[in-house]
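Have a look at the structure below, then the notes.
The values are calculated or read from the model by the stated rules, or taken from the named source; none is laboratory data. Bear in mind that the values here come from a model prediction, so they are computed numbers and not experimental data. Cβ: placed from backbone, ideal geometry, glycine included. Neighbour counts: every protein chain shown.
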Amino acid sequence: MKIDVDEIEFFGWETIHIDVLEATDEIAVNYKDMTVIEDTVSLMDSNNNLVQLQSFDYNNITEILRLKFPQLIPEKYYLYLEFNSTIRNDRKGLYISTYFNETGDKRNIATTFMAPNYARMAFPCYDEPEYKATYSIRISHRDNYFAISNMPALRVEPEGTTDGWLTTVFDKSLKTSTYIVAFIVCDFVGNKDPVANFTIFSQPSVIEDTDFALQYSQNVLKELELYLDRKFQYPKMDIIAIDDFLMGAMENWGIITYLSSRILVNDRTDEKAKHQVAKTIAHELAHQWFGNEVTHFYWSAVWLKEGLASLFEDSISGIIFPDWKTEDKFTLDTMLSVMQDDAGKTGVRQMFMEVETVEEIRNIYDFVTYKKAASVMRTMVFGMILW
């Protein structure tokens, strides 16, 4: 993908490896708010024979592109297509975030927010959590920026014959859901622990405010590995502080993105805000197991990953900072409020709720998904301990 942060546009080309398991005459992929160039669409079978495209039909309600072919027998196919669009400004998919540098100049960065189903706004894909795939990502960018993604960069090379452009080639990912794929083009600086391969990136003026998060995040990761008896599966962890962000943070595998206020700590940060930073960090790191490695099959079950991460954000924070008494506060602040809301509100939904439309999926993130799910899980944990 070629991402032009200055001109606020991107151009992409991708090959999707598809295993056809049953005979069919249709291949469908998701995309939204971009142009997929019909003339570039091609399908090759495992013997490099071209399969003739018969029709190209996009539905902007379902956000599905349906490609018709002659009958496809079960085997491997390779779907190639090219696409382009302007970079968004609504903090969804691939979007532009801005900051002002130390001389007062406005700077752009390109970053992503793919959850729950905004990956289709960045590239055509199978935008459902159960459809995991490996990703081999290449990002072309101007040479005064650099690119970061889920996996470490293998190399940075000149982009063909275009002066002033580089291409960053990333290692192949583990099998990953689309909602935790991430890539960023920026001119940030890094605060790195080279031994742990752990880096926090931010705009230069606040890089000193990342020291707390750098140390605390590593402590949380170690405690989670001990508790779960399973190592973190990615070879590095990057954390990015972003001023324009749709939520408090996003748990992209190996590259967690945060709203700046949820990751930066300095002498002016009060205790309540520091606690919130610590809980947010623990929540997102817990997702590296709950959600990223073990994934809900569909958004109806999103409460499983969010409930577990919400539960761990307090328990892990309490292990590292026992004086904070986070588990006691969870009982008073979270469980009590959940019971009050659950009893006092009419029409409170069940935790497992069928969702079908795009908008239903995007609106499922509420107090039931987070706080009620965590409260029920905590009750189950104590029930198993006591009984």
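The rows are residues; the columns are (1) over 30 Å from TYR31 (Cα atoms); (2) modelled with pLDDT under 95.
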position	(1), (2)
ILE180	no, no
GLY190	yes, no
PRO194	yes, yes
LEU214	yes, no
ASP229	yes, no
TYR234	no, no
**Request:** Tell me which of these TYR118 doesn't satisfy, since it passes every other one: (1) of a type in the set (Ser, Thr, Tyr); (2) closer than 30 Å to HIS17 by Cβ; (3) surrounded by fewer than 23 Cβ atoms within 10 Å (Cβ to Cβ).
**Result:** (3)
**Asked** Which is small (Gly, Ala, Ser), under 21 Å from MET247 (Cβ atoms) and either surrounded by 14 or more Cβ atoms within 10 Å (Cβ to Cβ) or over 28 Å from the mean Cα position of the chain (by Cα) (or both), of SER42, SER55, SER46, SER97?
**Response** SER97
**Asked** Can you tell which of LEU311, LEU304 is under 15 Å from VAL220 (Cβ atoms), assigned to a helix (DSSP H, G or I) and aliphatic (A, V, I, L, M)?
**Response** LEU311
**Request:** Only residues that are assigned to a loop (DSSP other than H, G, I, E, B) and of a type outside the set (Val, Ile, Thr): list them for the range 1-36, please.
**Result:** MET1, ASP6, GLU7, LEU21, GLU22, ALA23, TYR31, LYS32, ASP33, MET34
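For GLU102, are the conditions met, namely being among the charged types (D, E, K, R) and at pLDDT below 95?
Working: among the charged types (D, E, K, R): yes; at pLDDT below 95: yes.
Criteria met by GLU102.
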**Request:** Could you give me the residue pairs with C-beta distances under 9 Å whose first residue belongs to the range 160-187 and is within 19 Å of THR295 (Cα to Cα), whose second residue is among the basic types (Lys, Arg) and not in a loop (DSSP other than H, G, I, E, B) wherever it lies, and which are 6+ apart or on separate chains?
**Result:** THR178/ARG120
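Out of all the residues in the range 214-260, which are of a type outside the set (A, V, I, L, M, F, W, C), closer than 21 Å to PHE188 by Cβ and part of a helix (DSSP H, G or I)?
Hits for the range 214-260 are GLN215, TYR216, SER217, GLN218, SER260.
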**Request:** Tell me which residues, restricted to the range 192-213, are more than 21 Å from HIS275 (Cβ to Cβ), among the hydroxyl-bearing types (Ser, Thr, Tyr) and in a strand (DSSP E or B).
**Result:** THR199
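Can you give me the number of residues within the range 287-301 that are within 15 Å of the chain's Cα centre (by Cα) and part of a helix (DSSP H, G or I)?
First, the residues of the range 287-301 that are within 15 Å of the chain's Cα centre (by Cα): 287-296, 299.
Remaining after also requiring part of a helix (DSSP H, G or I): 299.
Number of matching residues: 1.
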**Prompt:** Quick one: in the range 254-310, which of the residues that are hydroxyl-bearing (Ser, Thr, Tyr) and more than 30 Å from SER205 (Cα to Cα) is surrounded by the fewest Cβ atoms within 10 Å (Cβ to Cβ)?
**Reply:** TYR298
**Asked** In the list GLU63, GLU9, which residue meets the criterion of being surrounded by fewer than 15 Cβ atoms within 10 Å (Cβ to Cβ) and closer than 29 Å to ILE109 by Cα?
**Response** GLU9
**Complete:** Per the filter on the range 322-358, residues at pLDDT below 90, among the acidic types (Asp, Glu) and either touching a Leu at 6+ places or on another chain (Cβ under 6 Å) or assigned to a loop (DSSP other than H, G, I, E, B) (or both) are GLU356
**Asked** Yes or no: GLU9 touching a helix residue (DSSP H, G or I) at 6+ places or on another chain (Cβ under 9 Å) and of a type in the set (D, E, K, R)?
**Response** no
**Complete:** Within the range 19-33, the residues that are among the hydrophobic types (A, V, I, L, M, F, W, C) and crowded, with 17+ Cβ neighbours inside 10 Å are ILE27, VAL29
**Item:** Test for VAL36: is it under 26 Å from VAL358 (Cβ atoms) and either acidic (Asp, Glu) or touching a Leu at 6+ places or on another chain (Cβ under 9 Å) (or both)
**Value:** yes
**Request:** Only residues that are closer than 22 Å to TYR258 by Cα and in contact (Cβ under 8 Å) with a residue 12 or more places away in the chain: list them for the range 216-233, please.
**Result:** TYR216, SER217, GLN218, ASN219, VAL220, LEU221, GLU223, LEU224, PHE232, GLN233
**Message:** Residues that are outside any strand (DSSP E or B), modelled with pLDDT of 95 or more and under 18 Å from ALA119 (Cβ atoms): does the range 63-83 have at least one?
**Reply:** yes
